[in-house]
Structures are given as C-alpha cells and as structure tokens.
Amino acid sequence: MQAQQQERYTTTAIVLHWLIAVLIVGAFTLGLVMTDMPGFSPTKLRYYSWHKWAGVTVLLLAALRLLWRLKNRPPALSAAMPAWQRGAAHGLHHLLYVLLFAVPLSGYFYTLASGFPVVYFGLFQLPVLIAKDPALAETLKGVHYWLNMLLAALVALHVLAALKHQLIDRDGTMRRMLPGRSH
Ligand code: HEM
Ligand code: HEM
C-alpha cells in the first residue's frame, strides 16, 4: 500500500548505485582470483591491471555520487518504518560511502608504496603521491584486505535488508532504487 506513495531516488543516483555495485563485485572477485594465481603469468598481470582500473573507476564514480548525493537528498523513508530501522539504514549507508573511498584508496596507496605507478587503462599515469616504501606496502596490503572483508560483510547486510523489505515487508523500499517509469 505504501508502494504507490514511495518516491524514487533520482535516475542519476540509481545509475551510479548499480554501476558501482557491478564494478565492486567485479573488482572484488578479480582481486581474490588474481591473488590466488601462482607465479607471474601474463594473464595474472592483465587481471591486476583490470582490477586497478575497475577500482579507480569506482573511486571516480564514488566522488561523483557523493557530490550528487549532497545536492539531492533521497526521498524520505516510509513513515511506517520503525525509527531504529531508519537509523540503522542511514548508519549503514554512511559506512558504505566511507568504504567506497577507503577501499580503492587503500589499494591505490598500496600499489604506490610497492613501487608501481597506476596507469589508468594503460593510457594515463595517475599521480605518484608517495615514494616506494616496502614496510608501508606491507601494512597497506593488510588494510586493503581487511577493509574489503568489512565491505563484503556490510554489503551482505545491506542486500539482506533490501530483500527483507522486498519479500517480507513488501513496503516498496526496493523500488526506490530500481529503474522504472517515474510515477
Ligand atoms: C572497489 C575497489 C576495490 C575492491 C573491491 C578491491 C578488492 C580487492 C580484493 C578482494 C583483493 C584480494 C585481497 C587478498 O586476497 O589479499 C585485492 C587485492 C589487491 N588490490 Fe584491490 N580492490 C579495489 C581497488 C583497488 C585499487 C584502486 C587498486 C590499485 C590501484 C587495487 C590494488 C590491489 C592490489 C595490488 C591487490 C593485490 C594485493 C596482494 O598482492 O595481495 N585495488 N583487492
Ligand atoms: C557493492 C554493492 C552495493 C553498495 C556499495 C551499495 C551501496 C548503497 C548505498 C551507499 C546506498 C544509500 C544511497 C543514498 O542514500 O545515497 C544504497 C541504497 C540502496 N541499495 Fe545498495 N549497494 C550495493 C548493492 C545493492 C544490492 C545488490 C541491492 C539489492 C538487492 C541494493 C539495494 C539498495 C536499495 C533498495 C537502496 C535504497 C535504500 C533506501 O531507500 O534508503 N544495493 N546502496
């Protein structure tokens, strides 16, 4: 019944949400696969490049998304939703926004500290902001790994919450983030 009254996120927010989600799942999977490959095959090196390009793209899109979000507040959540759930959703969304930056930045600085510049799509060298530093690289490798595990756990929670609203509450929350004709 609330479903008809619920407004949607803007088309820009919806496109950025799903584009970033697909890139994150791709980068995450590639990250696990590539680090599991033995030796230094050309395929492994190619996967590392694709991983970095996808990750940098997430960072750029996250910046766009945050700017858009600051100028376009999302529609209010259903008034029928308990206050604790609204608080939990907002807290989780804030954490996800932080990780949208922290995860790719930790990978970027890990790569620089390891002594490799990042060449976006093999075309543009991105700024080398720190010098090679093996001890820092070791730390950042762990930071990148653990931030990724945190991201995976929070995304799992986020998806479970979305599915609960869709399948159990049937309150139209999911439609807010799905493409479709507006009203
Ligand atoms: C949303 C973006 C990203 C996600 C979801 C992601 C995810 C991951 C994951 C899951 C791993 C495997 C960790 C392990 O098993 O040790 C990994 C490793 C790695 N990532 Fe990322 N990453 C992202 C962005 C980046 C960026 C932007 C860069 C660099 C420009 C980068 C560089 C690396 C490198 C070099 C490794 C290999 C670490 C090792 O040798 O153990 N990542 N990433
Ligand atoms: C890597 C994957 C994902 C990330 C990082 C992510 C992140 C986010 C963030 C940060 C928001 C808050 C948007 C804002 O208020 O500006 C959001 C909203 C939302 N997401 Fe995701 N999401 C991901 C995947 C998914 C998936 C797979 C689903 C569905 C199964 C989903 C469903 C939703 C819904 C329904 C909303 C709107 C919630 C509301 O109305 O307040 N997301 N997501």
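Checked against the criteria, Val143 counts as away from ligand 2 (no atom under 16 Å from the Cβ), surrounded by 11 or more Cβ atoms within 10 Å (Cβ to Cβ) and closer than 21 Å to Ala27 by Cβ. Ala135 - would you say it is modelled with pLDDT of 95 or more and either within 15 Å of ligand 1 (Cβ to nearest atom) or surrounded by fewer than 17 Cβ atoms within 10 Å (Cβ to Cβ) (or both)? Criteria met by Ala135. For region 7-48, a residue qualifies if it is under 21 Å from Leu147 (Cβ atoms) and either among the small types (Gly, Ala, Ser) or in contact (Cβ under 8 Å) with a residue 40 or more places away in the chain (or both), and the qualifying residues are Leu16, His17, Leu19, Ile20, Ala21, Ile24, Gly26, Ala27, Phe28, Gly31.
From the list Leu160, Leu70, Leu95, which one is in contact (Cβ under 8 Å) with a residue 12 or more places away in the chain and part of a helix (DSSP H, G or I)?
Details: Leu160 fails: in contact (Cβ under 8 Å) with a residue 12 or more places away in the chain; Leu70 fails: in contact (Cβ under 8 Å) with a residue 12 or more places away in the chain.
Testing whether each residue is in contact (Cβ under 8 Å) with a residue 12 or more places away in the chain and part of a helix (DSSP H, G or I) leaves just Leu95.
Count of region 44-93 residues, restricted to those that are over 18 Å from the mean Cα position of the chain (by Cα), among the charged types (D, E, K, R) and open to solvent by 50 Å² or more (accessible area, probe 1.4 Å), is 4.
The values are calculated or read from the model by the stated rules, or taken from the named source; none is laboratory data. This one's a predicted model, so the numbers in the text were calculated from it and none came from an experiment. Neighbour counts run over all protein chains shown; Cβ positions are idealised from the backbone, glycine included. Surface accessibility is based on the protein's heavy atoms, side chains included, excluding ligands, DNA and RNA. Shrake-Rupley method; radii C 1.70, N 1.55, O 1.52, S 1.80 Å.
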